[in-house]
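Chemist: Have a look at this one.
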Amino acid sequence: MATFIGIDYATLWFLVVGGVFTGYAILDGFDLGAGAWHLFFKKDESRRVALNAVGPVWDGNEVWLVIGGGALFAGFPDVYATVFSAMYIPFMLFLTFLIFRAISIEFRSKEPMKWWRKTWDVAYSVSSIMLAVLLGVVLGNILQGMSIGPDKEFDGSWLEFLNPYAIMVGITTLALFMMHGAIYLIMKTEGRQFVRMTIHVKQAIIFFLVSFGVITLYSLLYFPHLSDRFKEHPIFFGIALIAFLSIANIPRLIKLKKYWLAFLFSSLTVAVLLIIVAFELYPAIILSTQDPSYTLTVHNASSSEKSLETMLIIAAIGAPLVAGYTAFVFWTFKGKVKMDETSY
């Protein structure tokens, strides 16, 4: 088996795919979180400011989702085929809400009529909420496993995905994104809206802490395989410790009014939680609830070594370019939102 710096190509590509999806969760996470708060703003001006806070970056952030899907298809075609065919309806709903969110942002301020703007405000906020929940539902089903048969195909019903655990993971994901988005809006707003967001972010932190505590207890009680790796290697409890310290540091930084640092730790929280997921699943990607031998792993569901080697070279060139472009956009549009004739 070919390796690079002692790591086989399939595992390296697993890290690449995980890194891209983590980037998407961090970047589009605050977009979705900001959208979830949208209807909490009563004034038209406040809603326009919130839209313009994400306006320059939301479409670029979604590029990471496209790259992640492409990377999954290229590196683990069996996983891509199984997951997308099994969750066809949830993913179609996800794409529908993605479309509605995009057109809501673009159409909302095109006409001055109150009913027009209110309609798109509702569409934008509901789409953002549902996208966050659906992402969590998908993650919840991956965490607990799916009914995968010997032919690497899903044998169950799509209604199985609407199970209590997956829905709870969806709610926790929404809470995390709402906290992440609230911190972002604090950094981008001024005046009374800024003051309101400092209140909303405290509500979001409580929402997240409660839902995170519930899902953690739920996981430990009913899905012991999600903690087996930590029991086998206690030294890796350090990863969980980093997650808890990162979460605990967010309200402290908010109280100290260090909002940029709070946003960084919120991003770190998203990243570390996904690292824990990857750590617990590896080498599995999709666990089979029928028989462990049917589980899709990094090695039995990957492309050929030659394909992975070639794609890793392309990723080594392309990833810094995408990251550089993203950093450039954020630097260009840094600071508080200023409304002008070109604003949404």
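Chemist: Collect residues whose amide H, placed 1.01 Å from N in the peptide plane, falls under 5 Å from the amide H of Leu296; neighbours closer than 5 in sequence don't count.
Modeler: For Leu296, whose amide H was placed from the backbone, the distant partners under 5 Å are Ile285, Ile286, Ser288.
Chemist: Let me check something: with ligands and nucleic acids excluded, how do Lys306, Lys42 order by accessible area (1.4 Å probe), largest to smallest? Please report the intermediate quantities before stating the final value.
Modeler: On the way: Lys306 140, Lys42 165 Å².
I get Lys42, Lys306, largest accessible area first.
Chemist: Now a separate question. Roughly how big is the chain's charge dipole about its Cα centre, with Cβ charges of +1 (Lys, Arg) and -1 (Asp, Glu), in debye to the nearest 20? Show your work: numbers first, answer last.
Modeler: Details: 25 positive and 24 negative charges, 417 e Å.
Dipole about the Cα centre, nearest 20: 2000 debye.
Chemist: Convex hull over the alpha-carbon atoms of the chain: what's its volume per residue in Å³? List each step's numbers first, then the result.
Modeler: Details: hull volume 48.2 nm³, N = 344.
Roughly 140 Å³ of hull volume per residue.
Chemist: Let me ask something else. Protein chains only, probe 1.4 Å: how do Ile186, Ile276 rank by accessible area, largest first?
Modeler: Numbers: Ile186 0, Ile276 35 Å².
Ranking Ile186, Ile276 by accessible area, largest first, yields Ile276, Ile186.
Chemist: Plugging the Kirkwood radius over Cα pairs into Stokes-Einstein for the stretch 115-258, at a temperature of 25 °C and a viscosity of 0.890 mPa s, what D comes out in µm²/s?
Modeler: Details: Rh = 17.6 Å.
D, rounded to a whole number, is 139 µm²/s.
Chemist: Measure up Lys231/Lys306; Lys42/Lys110; Lys110/Lys336; Lys258/Lys334; Lys114/Lys202 against 25 Å on the Cα-Cα distance and list the ones that go over.
Modeler: Distance filter (> 25 Å) returns Lys231/Lys306; Lys114/Lys202.
Chemist: Percent relative contact order of the stretch 5-160, based on C-alpha pairs within less than 8 angstrom and at least six residues apart?
Modeler: Reported relative contact order: 29 percent.
Chemist: Given a 10 angstrom Cα cut-off, can you work out which residue in Arg192, Arg47, Arg117 is the most mobile in a GNM of the chain?
Modeler: For the chain, modelled as a Gaussian network with Cα springs under 10 Å, the answer is Arg192.
Chemist: Using Cα pairs under 8 angstrom and six or more residues apart, how large is the relative contact order of the chain, in percent?
Modeler: Contact order relative to length: 27 percent.
Chemist: At Lys334 and Ala248, where each label point lies 7 Å from the Cα along Cα→Cβ, what is the point-to-point distance in nanometres?
Modeler: Between Lys334 and Ala248, the label points sit 3.1 nm apart.
Chemist: Here is a further query. Are there trypsin sites (Lys or Arg not before Pro) in the stretch 229-283 that DSSP puts in a loop and that have at most 16 other Cβ atoms within 10 Å, and which ones?
Modeler: On the way: sites: Arg229, Lys231, Arg252, Lys255, Lys257, Lys258; in loops: Lys257, Lys258.
Taking the stretch 229-283 and a limit of 16 other Cβ atoms within 10 Å, the loop trypsin sites (Lys or Arg not before Pro) found are Lys257, Lys258.
Chemist: List the residue ranges in the chain for DSSP H helices whose C-alpha atoms run 20 angstrom or more along the long axis and whose Kyte-Doolittle average is 0.0 or above.
Modeler: Values: long enough: 9-36 (39 Å, 1.20); 58-75 (26 Å, 0.70); 88-107 (28 Å, 1.73); 114-144 (45 Å, 0.77); 164-188 (36 Å, 1.44); 191-222 (46 Å, 1.11); 237-255 (28 Å, 1.59); 259-281 (33 Å, 2.18); 305-332 (40 Å, 1.12).
In the chain, the long hydrophobic H runs are 9-36, 58-75, 88-107, 114-144, 164-188, 191-222, 237-255, 259-281, 305-332.
Chemist: Using a 1.4 Å probe, how large is the accessible area of Val133, given in Å² and rounded to the nearest 10?
Modeler: Counting only protein heavy atoms, the figure is 30 Å².
Chemist: Restricting things to alpha carbons, tell me how big the stretch 2-144 is in terms of Rg and Dmax, in Å.
Modeler: 17.7, 62
Chemist: Can you give the FRET efficiency to the nearest 0.05 for Ile99 and Ile5, using r as the Cβ-Cβ distance and R₀ = 35 Å?
Modeler: Details: r = 41 Å, r/R0 = 1.18.
After rounding, the FRET efficiency stands at 0.25.
Chemist: Express in Å², to the nearest 10, the accessible area of Phe21 obtained by rolling a 1.4 Å probe over the protein heavy atoms while all chains stay in place.
Modeler: Approximately 70 Å² of Phe21 is accessible to the 1.4 Å probe.
Chemist: Averaged over every viewing direction, what's the projected area of the C-alpha convex hull for the stretch 182-276? Give it in nm², one decimal, please.
Modeler: On the way: hull surface 25.1 nm².
Reported value for the Cα convex hull: 6.3 nm².
Chemist: Can you pull the percent of Cα pairs in the stretch 56-113 with separation above 16 Å? Please list the in-between numbers first.
Modeler: Details: 964 of 1653 pairs.
More than 16 Å apart: 58 percent of the Cα pairs in the stretch 56-113.
Chemist: Taking 41 Å as R0, compute the FRET efficiency from the Cβ-Cβ separation of Lys255 and Thr119 and round it to 0.05. Walk me through the intermediate numbers first.
Modeler: On the way: r = 38 Å, r/R0 = 0.93.
According to the calculation, E is roughly 0.60.
Chemist: Could you work out the pair-distance distribution P(r) of the stretch 2-56 from its alpha-carbon pairs, with 5 angstrom bin width and percents rounded to whole numbers?
Modeler: For the stretch 2-56, the binned pair fractions read 4, 17, 17, 13, 10, 8, 8, 7, 6, 5, 3, 1 percent.
Chemist: Let me ask another. Treating only the Cβ of Lys, Arg, Asp and Glu as charged (+1, +1, -1, -1), what charge dipole size does the stretch 222-344 show about its Cα centre? Round to the nearest 20 debye.
Modeler: 840 debye
Chemist: Mind grabbing the accessible area of Glu160 for me, 1.4 Å probe, Å², rounded to tens?
Modeler: 90 Å²
Chemist: Based solely on its DSSP helices, what 222 nm [θ] is calculated for the chain when runs of n ≥ 4 H residues each add -39,500 (n - 2.57) and the sum is averaged over all residues, nearest 500 deg cm²/dmol?
Modeler: Working: 12 runs with 250 residues, N = 344.
So the calculated ellipticity at 222 nm is -25000 deg cm²/dmol.
Chemist: Please name whichever of Leu221, Phe279, Ser128 sits farthest to the positive end of the charge dipole of the chain, dipole taken about the Cα centre and charges placed at Cβ: Lys and Arg +1, Asp and Glu -1.
Modeler: Ser128
Chemist: Further question on the same structure: Under 1.5 on a/c is rounded, so check that first for the stretch 38-87, then, if it is not, pick prolate when a/b is larger than b/c and oblate when it is not; a ≥ b ≥ c are the square roots of the alpha carbon gyration tensor eigenvalues.
Modeler: Working: a/c = 8.27, a/b = 2.67, b/c = 3.10.
The shape class here is oblate.
Chemist: For a Förster distance of 25 Å, can you work out the FRET efficiency between the beta-carbons of Ile167 and Ser85, rounded to the nearest 0.05?
Modeler: My answer for the efficiency is 0.70.
Chemist: Taking Cα pairs under 8 Å and at least six residues apart, what relative contact order does the stretch 100-192 come out at, in percent?
Modeler: So the answer I get is 27 percent.
Chemist: How many times 2.2 N^0.38 Å is the alpha carbon radius of gyration of the stretch 108-188? Intermediate values should be presented prior to the final figure.
Modeler: On the way: Rg = 17.6 Å, N = 81, 2.2 N^0.38 = 11.7 Å.
So the stretch 108-188 has a normalised radius of gyration of 1.51.
The values are calculated or read from the model by the stated rules, or taken from the named source; none is laboratory data. Fair warning: this is a prediction, and the values are worked out from it, not measured in the lab. Positions of Cβ are backbone-derived with ideal geometry, glycine not excepted, and every protein chain shown enters the neighbour counts. Ligands, DNA and RNA are excluded from the accessible area calculation, which covers all protein heavy atoms including side chains. Shrake-Rupley method; radii C 1.70, N 1.55, O 1.52, S 1.80 Å.
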